[in-house]
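Here, each number is a calculation from the coordinates, and none is a lab measurement. These numbers come from a predicted model, not from an experiment. For neighbour counting, all protein chains shown are included, and Cβ atoms are generated from backbone atoms with ideal geometry for every residue, glycine included.
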Amino acid sequence: MPYNSVPVDTSHLPLCFSRMPVRIHRDKEEIQRFTLELVNNTKEEGSKAHKHALYRHAVTGPDMNVYALSWCEADLEKMKLLIEFIELIWAHDDVTEEDPLEDAISECEQLRRAMYEEYDNEPVADNQFGLRIKRFRDIRNRMKAIDSVGWVEIQDTMEEWLPIDKLLKNWDNLEEYLDLRKVHVGNNVMTSFIRWAMGIHLTKDELTFIQPYTDAVGIWLGLMNDFMSWKRERTQPTDRIMNSVYLLMNQYKLPEDASIDMVRGILIKQEGKVLEQSKVLHETPGLSTGLRAYIDNLEYYAGATFYWSLLAPRYAKPQSFDVDN
């Protein structure tokens, strides 16, 4: 039974809104305050990075902090440390999206090495990226001190996710694309955050058992992100567009509107698969308390991500962040 969260009223949203439950942390105001304070204290006012972060956390109502939504059952103090960690990753991802591919891969490798103490003696650049590496090491140590078992799981999922750009290419079909997209969207990383923030420790057998459901959620979230972010990405200068709308336009020579409609249909079908698997899991006897709590919070995470992506200005009203603008 949830104890740190309350339901979010979604009755004002279109009837086609997701059937996934949406909840938010009871301390949502404190979490939003902490988030904005962190952004303002770690980024130069008026810089492109500062504008990116403020726009990412712009809210359209009282229930819109992405962290309070995504990890609605998290311990508050763990949540704050998690926000520090994710803000660094998100800032890195925003920057590398605009870098040439080879530069993005190089910086991801440096960030990956910062997860391990044996590389701490390596020199870092005297710039903003070097500062991020130093902060990353400090946050790593604090997270590991709180829960070393959970940290190793985060470390493993980050190891899978950080070098993902090496695997990007021109895709031959949607199935092949989605097999990587579920990783590219960061689903395994984000769900490991659920376990760390709630102190849930699953056995290897339990993690293997739940992985097909986690993958189904990841594919759904990847499609959802593609659909929601296409308005923002369609004019974005990049050499590695990662979006199923773009893929289907090229694969089937579709006009843009037809491809968007096709992705919407595939997204709805995938949600049905997620809900079917969820029903089966909830009816499965003999599951541990930790696994049942994790299943519930996978649903909350998925529903929250859809809710936030539907309403967040980041996707609803994309804009340029040139420093001179």
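Listed values, structure above:
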read-out: Of Leu167, Leu111, Leu82, the one that fluctuates the most in a GNM where the chain has Cα springs shorter than 10 Å; value: Leu167
read-out: Centre separation in Å (Cα based) which lies between the stretch 1-59 and the stretch 210-281; value: 23
read-out: Trypsin sites (Lys or Arg not before Pro) lying in DSSP loop within the stretch 205-283, provided at most 11 other Cβ fall within 10 Å; value: Lys253
read-out: Separation in nanometres of the label points that stand 7 Å from Cα toward Cβ, at Leu54 and Lys134; value: 2.5
read-out: Simple label model, 7 Å out from Cα along Cβ direction - Glu29 to Asn170, nm; value: 5.5
read-out: Restraint check, Lys48/Lys134; Lys43/Lys78; Lys134/Lys317, Cα-Cα greater than 25 Å; value: Lys134/Lys317
read-out: Positive dipole terminus of the chain, leading residue within Gly286, Ser11, Ala125 (C-beta point charges); value: Ser11
read-out: Residues with amide H under 5 Å from that of Ser5, placed H, sequence gap 5 or more; value: Arg26
read-out: FRET efficiency for Asn41 and Asp120, using Cβ-Cβ distance with R0 set to 30 Å, rounded to 0.05; value: 0.80
read-out: The chain: most fluctuating residue of Val217, Val245, Val149 per GNM, C-alpha cutoff 10 Å; value: Val149
read-out: Assigned charges on the beta-carbon of Lys, Arg, Asp, Glu; the stretch 23-316 dipole about Cα centre (debye); value: 620
read-out: Prolate/oblate/rounded call for the stretch 23-316, Cα gyration tensor, a/c under 1.5 rounded; value: rounded
